[in-house]
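Let me begin by presenting the structure, written as structure tokens, before commenting on it.
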Amino acid sequence: MSFHDRYSRQVLFSGIGPAGQSKLAEARVAIVGCGATGTCVSSLLARGGAGHLLIIDRDYVEPSNLQRQTLFDEADAVESLPKAVAAARKIAAFNSEVQVKAEVADLTPENVASLLSDSHLILDATDNFETRYLINDFAVRNGKPWIYAAAVGAYAVTMNIIPGETACLACVFPAAPQGTTETCDTAGILNSAVNLVGSIQATEALKFLTGAREKLRRTLLSFDVWNNDHAEIGAAHPRPGCQTCGQREFVHLAGQGRPQITLCGRNSVQIHERHRPVDFAEMSGRLQPHGTVKHNDFVLKFWRDPYELTLFPDGRAIIKGTTDTAVARSLYARFVGN
Ligand SMILES: [Zn+2]
């Protein structure tokens, strides 16, 4: 069977046309994170003919992913396939013309340059601020555009960052939210909210990659799809004095923004967080549905097979049951905050 008219309906769209479609075939896009946003955006871009995709993710497919992560199926969860690998296989099944590179890795200050330097555009599909600030530092420093996207509960938010033109992430959020934050693992998530933000992100990516830069949105756009709210905040210009894009201090790239993680004991990892005051009573209630939890005034313990998390009032944590710092970081991001 011939697939020569695969993109015919997209080429017919006047904003793209044959010239836009050719540009798309040359595009190199990095997708950081392959959960709901990552599967949505990589599926749409691959179906649309973006030529080269790099998918970076550190996790494995689990049954609880299937509600919203649209590239995965039950067999992937049974096999516990790495998400990046499962996504690349699915894409190959519906568009073998797209080159997909699966990178099973945690994006860190050490590997960010080698992983992201070749891409024309970086798409944020992560679940934590630490990685977003790292992407922002790298992108601003190298003048590379990226698109922020996040969702939790019924809420979704996105912003295009074009270094040298628009505000950067640190212009809008100079610091990560303090204290414990709601995450998909504690507040839940609607598949429609996260696929909405993935669709908007994919559209903005199409504009950029086909050369329709004047069409790019220059606001922070958010929706609450349950309460019928949406908001837009202007982000067309950098904030004067921004530490990242104004003063060009790239603390996250230097590794300073990261809570230090060390191995401790035979089978544990310690997260040296110091600035995340934890309310044990509130945290206990939040963790209750996800495992066994107990606390006193000094320490909170949370058991979720095969891990045991010990949390201290300042946010420091010891995670027993692994020596893999990426697994520990991921558990912490899921259950404590990011
Ligand atoms: Zn800035």
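The values are calculated or read from the model by the stated rules, or taken from the named source; none is laboratory data. Keep in mind the model is a prediction, meaning the values are calculated, not measured. Methodologically, a virtual Cβ is constructed for each residue, glycine included, from the backbone with ideal geometry; neighbour enumeration extends over all protein chains shown. Keep in mind that these areas ignore ligands, DNA and RNA; they rest on the heavy atoms of the full protein, side chains included. Shrake-Rupley method; radii C 1.70, N 1.55, O 1.52, S 1.80 Å.
General remarks:
- Applying the criteria of a DSSP loop state and at most 13 other Cβ atoms within 10 Å to the trypsin sites (Lys or Arg not before Pro) of region 213-256 yields Arg248.
- Shown are Trp146, Trp303, whose ranking by accessible area with a 1.4 Å probe and every protein chain present, most to least, is Trp303, Trp146.
- Accessible-area rank, largest first, for Ser64, Ser114, Ser199: Ser114, Ser64, Ser199, with all protein chains present and a 1.4 angstrom probe.
- Here region 191-338 is treated with +1 on each Lys and Arg Cβ and -1 on each Asp and Glu Cβ, and its dipole about the Cα centre works out to around 400 debye.
- Phi to ³J(HN,Hα) by Karplus 6.51 cos²θ - 1.76 cosθ + 1.60 over region 206-220, Hz, x for Gly, Pro: 4, 4, 4, 6, 9, x, 8, 5, 5, 8, 4, 6, 10, 9, 8
- For Val157, the solvent-accessible surface with a 1.4 Å probe is about 10 Å², rounded to the nearest 10.
- Beta bridges by DSSP in the chain, antiparallel share as percent, to the nearest 5: 70
- In the chain, the longest principal axis of the Cα atoms and the axis of helix 36-48 are about 10 degrees apart.
- A simple rule links phi to the HN-Hα coupling: the Karplus curve 6.51 cos²θ - 1.76 cosθ + 1.60 with θ = phi - 60°, which for region 110-123 gives 6, 10, 4, 5, 5, 7, 9, 4, 7, 7, 7, 8, 10, 10 Hz, with x for Gly and Pro.
- In nm, spacing of pseudo-spin labels at Leu12 and Arg304 (7 Å Cα→C-beta vector): 4.7
- Links that overshoot a 25 Å alpha carbon limit, given the list Lys23/Lys83; Lys23/Lys101; Lys23/Lys144; Lys101/Lys320: Lys23/Lys83; Lys101/Lys320
- Accessible solvent surface per residue of region 21-167, calculated while the other protein chains remain in place, 1.4 angstrom probe, Å²: 35
- The amide H of Ala27, built 1.01 Å from its N in the peptide plane, has Gly51, His52 as neighbours under 5 Å, considering only residues 5 or more places off or on other chains.
- If you wrap the tightest convex hull around every Cα atom of the chain and split its volume per residue, you get 139 Å³.
- Volume per residue of the C-alpha convex hull in region 118-208, rounded to whole Å³: 95
- Sequence of Ser192, Ser284, Ser14 when ordered by accessible area, the most exposed leading, probe 1.4 angstrom: Ser14, Ser192, Ser284
- Accessible area of region 176-331 belonging to carbon and sulfur atoms, whole % at 1.4 Å probe: 52
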